[in-house]
Amino acid sequence: MMTNGPSVDEQIEIYRKMVVVRRMEEALGALHKQGGTRGPIHRCDGQEAVGVGATAMLRSSDQVTSTHRGHAHYIGKGLDVHRVVAEILGKETGYCRGRAGHMLVASAADGLVGGNAIVGAGIPAATGIALSLQLQGRDDVAMCLFGDGAAQTGICHESMNIAALWKLPVIFLLEHNQYGLTVHHAAQSSVADLSVRAAGYAMPAEIVDGNDSVAVYIAAANAVERARSGGGPTLIEAKTYRLEGFSTSDMGGYQDEAEIALWRARDPLTVARARLAGEIDTEVLDGLEADAAQVVDDAFAAALADPPPEFELHPASAAYSGGA
Amino acid sequence: MMTNGPSVDEQIEIYRKMVVVRRMEEALGALHKQGGTRGPIHRCDGQEAVGVGATAMLRSSDQVTSTHRGHAHYIGKGLDVHRVVAEILGKETGYCRGRAGHMLVASAADGLVGGNAIVGAGIPAATGIALSLQLQGRDDVAMCLFGDGAAQTGICHESMNIAALWKLPVIFLLEHNQYGLTVHHAAQSSVADLSVRAAGYAMPAEIVDGNDSVAVYIAAANAVERARSGGGPTLIEAKTYRLEGFSTSDMGGYQDEAEIALWRARDPLTVARARLAGEIDTEVLDGLEADAAQVVDDAFAAALADPPPEFELHPASAAYSGGA
Amino acid sequence: MAKLRYAEALNRALREEMQRDPLVFLFGEDIGSYGGVFKVTRGLMDEFGAARVRDTPISEQTLTAMAVSAAMAGSRPVLEIMYADFMPLTLDALINQASIYEYIWADQVRMPFVLRTQGGGGAGAGAQHSKSLDSLVAHIPGLKAVAPATPWDAYGLLKSAIRDPGPVIFLEHKLLYNMRDEVPDGEETVPLGRARLVREGTDVSIIASSRMVHESLLAADRLAGEGIAAEVVDLRSLRPLDLDTLLGSVARTHHAVVVNEGWRFCGYAAEVSATLMDHAFDDLDAPVARVTMPDLPIPYSEPLERAVLPGPDEIVAAVRRTVA
Amino acid sequence: MAKLRYAEALNRALREEMQRDPLVFLFGEDIGSYGGVFKVTRGLMDEFGAARVRDTPISEQTLTAMAVSAAMAGSRPVLEIMYADFMPLTLDALINQASIYEYIWADQVRMPFVLRTQGGGGAGAGAQHSKSLDSLVAHIPGLKAVAPATPWDAYGLLKSAIRDPGPVIFLEHKLLYNMRDEVPDGEETVPLGRARLVREGTDVSIIASSRMVHESLLAADRLAGEGIAAEVVDLRSLRPLDLDTLLGSVARTHHAVVVNEGWRFCGYAAEVSATLMDHAFDDLDAPVARVTMPDLPIPYSEPLERAVLPGPDEIVAAVRRTVA
Ligand SMILES: Cc1ncc(C[n+]2csc(CCOP(=O)(O)OP(=O)(O)O)c2C)c(N)n1
Ligand SMILES: Cc1ncc(C[n+]2csc(CCOP(=O)(O)OP(=O)(O)O)c2C)c(N)n1
Ligand SMILES: [Mg+2]
Ligand SMILES: [Mg+2]
């Protein structure tokens, strides 16, 4: 059931979304510097190939759960840039009317439910969705993207055991970006390659170059195919790197400059563009990049001008209120 | 650092304790039938070789955490039979003055802290003790005995990762008795041999015949030696079987009779006695068994006659009371 | 009108709801082939198959998170958590996930799941298997919580809980499972959020739930002998609270005693007392009395356990003080 | 008298206690090389080494269980849980382990550990990083809980907490870390269990803790302009409650308003209200008012978050209603 790589058209779309994400991250960084954002923002610069590459073959009825660092997952899963940015800025036009903020974006219509700021929580969430899909006889799949830090949580273990035991249609996509917050993985994990743990659940696993969107795509597509056809879960460990620190409130000082430089040289956008450059005209790529930048600029301009939400008590007051 | 097997004297002592435990379990079963016990009692008939064999080489300053099925651990770690039975019967003379009951027996002076009725909870408990021992520069070790059901909990994963990462002096002793309550391990675990999971923590692991107290002793002694000398944790998976059901409230019906018969033929007491019979006179063994039975009879007679506790508010009332 | 045991009434509710709605499924530890350690799910695996009635590994944290997300994906999960003492393991999924999604995601999702569990003391089950943690779950916005005291309400409330569009925590009591009483013949439900006036009286309102309703009725009988006419209100629903029924009762009696089997400090009885302070201060001729567990872990030994559990003695004494 | 920021005061307390007692050690996520995401442990790893100031994997449940057992084994652990929102993950270790051992094991063990965490809204951190869950921890017998409002108390209470023979939950507030104020020069501690009269007044007692003390003082200023003299009591200790100070204040003012940043239903304010009902019913000329969060998850967007957090407006309004 090996999948061919993504077609050139698919690669172009993946690259376009990666550029969108990168421009979004940069714009958010700039806005943060101006004091225009609220709360810490977890940029994913350098990890775009994972979030976009792993979700590119999914249907909108497939279900993705994400993390606190979900921007590439949101765009990869097909969410609208303007409504994502509006949510990050706490506007009424955001996917969640400003109630969620950037760590918790969800779009049920797009099968993205959703960002999660409890580390690891997306893992059992996807597992439960997969159980529901299996019970309903749907051939949709669930995918959770999660970090190397999240892999140390108990719920990761419990979920993988249950998913393997029940052959649930779920893909565990581990974005190994070397750090959990400020702590290097060597101080968090007793093993360097987390995919070795899959053997403990008799689950297939694979390590891929997380900075190569095509490699990520192929591994994910195979896993999705396996899940869809009743073959159960897969663990994919994508090795990548977080280029811009933990969040906008990161004061740095714990990372090695040489390490950063090494990974910067393997920027996933550079890798993807280089591969495409062999297939299509560079003008097309330049144009695509300019378009992507424009989409992001427009999204920010619109979102910044959008109205903030107004407070109202929740209509489902029985559930949200103890008293009558 | 391979350990020789236990000496004949040690084997005799192990066998004696195993007989004590078995007689205790049988007496508890009989008492339950007469309505003389309270709450469910989790007998460990058939598992004596694990609890007694694994703790036989420990010092009293080594620390053991146990489970809801801890009777063999209690006796193995050197607790007094009368005070254990008194605790099980809720008497003032019990180790915990009747407050704990049979699932939660503790004797801090003997390094047994303690029984635990939250499945898996003994695992991080032993890990935390091991951290304290390491920080204090003591060469004592911690050992947790836990079940195949407990191995599926998140805290088992978190604890093993941390113990391996920090090279903590802890022994993870998994009593694989094939069932978690009424559910067969094949319906709880995605893998048959749980020791394969140790590779996910770069931790040494071993499977042993849990019905052979000598095999258990040797594996445990090696692991204890490794832990004491700074070599970090070990996972030992002892394959065994629970001969008398989950607890006194077990209504049965879910186990295979042929399976039970198979394991009964390999009763750990029979195995241990057969091995010793080659070394010493059978009259000595008969005498030892009679003595053990007498110790248990005396313990029950005394405990049954002991007074119940009287209720008093806890003296540390600041902590145990919200108001002043 | 059939007479059923409380456990049978629950079983009937589950069976009927599973027949009615193919999206309903059950999961939890030992609920399948064994039929649940309290026999509530007996026979259901045979009738509905192992896919819809699932035995699970011991992984409460993940199972609860899966109930939340499976509900979001369109199923109607009913999860059994064997003892209320294990509710702490479920709280991240309840507080950080189930509680927030509907509001934070601006009504994009619904989570129709039921978490059944059972609590309470009196069975000699010890400090880790006897607690009532009502206030922990009743504190969580977005959830409902009910605690039936009779077979009728067990049946009717469970049907309503399963049909409810949101999460419902369903708190059973281990000492009530064998209580036999009337259950309606038809498919009657009992609405969530409505208390029940169990006994009319003019001198004092005794407000209770679950097993404490029966203890209150015993107290009311005794008080009648002393010439004190006690009204007994069964809350049934802990959240939302049926304020109208409470206020109506207190307006008649001008005295209130709240009985709850949980701890006192920050316990459920505190909320009822504070609510009456908010709304009925002028109606009250005396302070609201709280009858609860003392702030101590529940000891094992029978005389100790009896001393800490609230019962008719404590209720009668509190009423006497209140109406004095 | 030095002026220090709240975070610096905590840092100084930790440093001094670590110098004083070699059994004290710190562990938690990102507390080592990075010095904690709120910088409370800055510089301590350099001074005391990586063994006594440990970065950990993301494993809150196990870390808390380890704090309990390491304390039992003779250490004095201080665990940092990064956000109070993660407290649900710690509750099994707190409710089923730390809470019970001392009493259930008949005083064989002590557990001198401190769990530091920080809660509260106002920083745009969203529904999973902004909660105040005071009532959850204050409900647990055998634990103490404190919530300092000033640098002085942060310093003095933390020292007392570390020296206490039992478990203490130490609740900091993210918006207070930068507050600069006096801290004693010597090694002064502040005793656990004692409230502080912050401002005297004759008309109403405003009872608060943590950041709400400062909001109450702002309210008191405004009320003074209206001719209402409000007394402000800082509870400091949530459990045990300093009943004497509360009753003394209410005996003077005959009116009380309780302010707590947590949810209302079954929240901490309910306990204070119920306690006053128990002990000061006859002193009170009006019902105790509660000012709390509404029973809703905390939304991200600034206008929404501002609408749900209690502040001077809500306190002033509640006082006006109470004294009317
Ligand atoms: C349960 C929990 N513990 C701690 C945190 C604080 N925290 C937020 S992100 C993070 C690191 C997560 O690391 P990883 O999973 O590798 O994701 P990354 O940030 O590298 O994308 C931590 C510790 C949290 N949000 N939730
Ligand atoms: C957290 C938790 N979940 C569920 C239970 C109920 N329970 C008690 S023992 C048990 C089975 C444990 O299986 P295992 O660890 O294999 O131990 P064994 O009984 O076989 O000795 C279960 C599910 C519990 N006590 N604690
Ligand atoms: Mg990471
Ligand atoms: Mg077992």
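The numbers here are math on the coordinates, done by the rules we state, and not lab data. The shown structure was predicted, so the numbers you read here are calculated from the model rather than taken from an experiment. As a convention, Cβ positions derive from the backbone with ideal geometry for all residues, glycine included, and neighbour counts pool all protein chains shown.
In segment B:148-164, how many residues are more than 16 Å from ligand 1 (Cβ to nearest atom) and within 11 Å of chain A (Cβ to nearest Cβ)?
Taking segment B:148-164 first, the residues more than 16 Å from ligand 1 (Cβ to nearest atom) are B:148-153, B:156, B:159-160, B:163-164.
From what's left, within 11 Å of chain A (Cβ to nearest Cβ): B:151-153, B:156, B:159-160, B:163-164.
Within segment B:148-164, residues that are more than 16 Å from ligand 1 (Cβ to nearest atom) and within 11 Å of chain A (Cβ to nearest Cβ) number 8.
Restricting to segment C:22-33, and then to whatever is assigned to a loop (DSSP other than H, G, I, E, B) and within 24 Å of the chain's Cα centre (by Cα), can you tell me which residue is nearest to the other protein chains (Cβ to nearest Cβ)? Taking the candidates together, the pick is C:30. Give C:64, C:90, C:56, C:41 a once-over and let me know the one that is within 30 Å of residue B:146 (Cβ to Cβ), more than 14 Å from chain A (Cβ to nearest Cβ) and in contact (Cβ under 8 Å) with a residue 24 or more places away in the chain. The unique qualifying residue is C:41. Screening segment A:1-115 for helices (runs of 4 or more DSSP H) wholly inside it with 1 or more residues that are farther than 30 Å from residue A:314 by Cβ and under 14 Å from the mean Cα position of the chain (by Cα) returns the ranges A:8-33, A:48-55, A:71-76.
Take the conditions (1) crowded, with 24+ Cβ neighbours inside 10 Å; (2) in a loop (DSSP other than H, G, I, E, B); residue D:205 misses just one of them, which is (2). Quick one: residue C:251 ticks every box in (1) assigned to a helix (DSSP H, G or I); (2) more than 14 Å from chain B (Cβ to nearest Cβ); (3) touching a Ser or Thr at 6+ places or on another chain (Cβ under 8 Å) bar one, so which box is it? It is condition (3) that residue C:251 fails. Here residue B:134 clears all of (1) assigned to a helix (DSSP H, G or I); (2) over 23 Å from residue C:87 (Cα atoms); (3) at the interface with another protein chain (Cβ under 7 Å from one of its Cβ atoms); (4) not small (Gly, Ala, Ser) except the condition numbered (3). Taken over segment B:105-131, the residue count meeting the criterion of being within 7 Å of chain D (Cβ to nearest Cβ) and without any contact (Cβ under 8 Å) to a residue 60 or more places away in the chain is 10. Somewhere in segment A:238-254, is a residue surrounded by fewer than 19 Cβ atoms within 10 Å (Cβ to Cβ), of a type outside the set (D, E, K, R) and touching a Leu at 6+ places or on another chain (Cβ under 8 Å)? So far as segment A:238-254 goes, yes, one or more of its residues are surrounded by fewer than 19 Cβ atoms within 10 Å (Cβ to Cβ), of a type outside the set (D, E, K, R) and touching a Leu at 6+ places or on another chain (Cβ under 8 Å). Scanning for something within 19 Å of residue C:280 (Cβ to Cβ) and either assigned to a strand (DSSP E or B) or touching a Gly at 6+ places or on another chain (Cβ under 8 Å) (or both), does segment C:209-228 turn up at least one residue? No. A single entry from D:150, D:117, D:90 fulfils the requirement of being within 16 Å of ligand 1 (Cβ to nearest atom), of a type in the set (Ser, Thr, Tyr) and within 11 Å of the chain's Cα centre (by Cα): D:117. Residue B:230: surrounded by fewer than 23 Cβ atoms within 10 Å (Cβ to Cβ), more than 14 Å from chain A (Cβ to nearest Cβ) and touching a residue at least 60 places away in the same chain (Cβ under 8 Å), yes or no? Yes: the conditions hold for residue B:230.
Okay, residues lined up against (1) touching a strand residue (DSSP E or B) at 6+ places or on another chain (Cβ under 6 Å); (2) under 25 Å from residue B:153 (Cα atoms); (3) more than 9 Å from every other protein chain (Cβ to nearest Cβ):
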residue	(1), (2), (3)
D:70	yes, yes, no
D:86	no, yes, no
D:114	yes, no, yes
D:128	no, yes, no
D:145	yes, no, yes
D:157	yes, no, yes
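For every residue, the table says whether it meets (1) surrounded by fewer than 24 Cβ atoms within 10 Å (Cβ to Cβ); (2) in contact (Cβ under 8 Å) with a residue 60 or more places away in the chain.
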{"residue": "B:9", "(1), (2)": "yes, no"}
{"residue": "B:12", "(1), (2)": "yes, yes"}
{"residue": "B:24", "(1), (2)": "no, yes"}
{"residue": "B:32", "(1), (2)": "yes, yes"}
{"residue": "B:49", "(1), (2)": "no, yes"}
{"residue": "B:54", "(1), (2)": "no, yes"}
{"residue": "B:64", "(1), (2)": "no, yes"}
{"residue": "B:73", "(1), (2)": "no, yes"}
{"residue": "B:79", "(1), (2)": "yes, no"}
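Taking segment D:162-177 as the range and being assigned to a loop (DSSP other than H, G, I, E, B), more than 12 Å from every other protein chain (Cβ to nearest Cβ) and not hydroxyl-bearing (Ser, Thr, Tyr) as the test, the residues that pass are D:175, D:176. Just one of the listed residues (D:8, D:16, D:29) is charged (D, E, K, R) and surrounded by fewer than 19 Cβ atoms within 10 Å (Cβ to Cβ), and it is D:16. Every test in (1) closer than 23 Å to residue D:74 by Cα; (2) assigned to a loop (DSSP other than H, G, I, E, B) is passed by residue B:144 save one, and that test is (2).
Residues are listed down the side, and each one gets a yes or a no for (1) in contact with a helix residue (DSSP H, G or I) (Cβ under 9 Å, 6 or more places away or on another chain); (2) within 16 Å of ligand 4 (Cβ to nearest atom); (3) over 23 Å from residue D:298 (Cβ atoms); (4) not hydrophobic (A, V, I, L, M, F, W, C):
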residue	(1), (2), (3), (4)
A:86	yes, no, no, no
A:116	yes, no, no, yes
A:126	yes, no, yes, no
A:141	yes, no, yes, no
A:160	yes, no, yes, no
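Does residue A:302 satisfy the criteria of being of a type outside the set (Val, Ile, Thr), surrounded by fewer than 17 Cβ atoms within 10 Å (Cβ to Cβ), in contact (Cβ under 8 Å) with a residue 60 or more places away in the chain and away from chain D (no Cβ under 14 Å)? Taking the combined requirement at face value, the residue satisfies it.
If only residues of segment B:165-182 that are facing another protein chain (nearest Cβ under 7 Å) and buried (at least 24 other Cβ atoms within 10 Å of the Cβ) are counted, the one that is farthest from ligand 1 (Cβ to nearest atom) is B:182.
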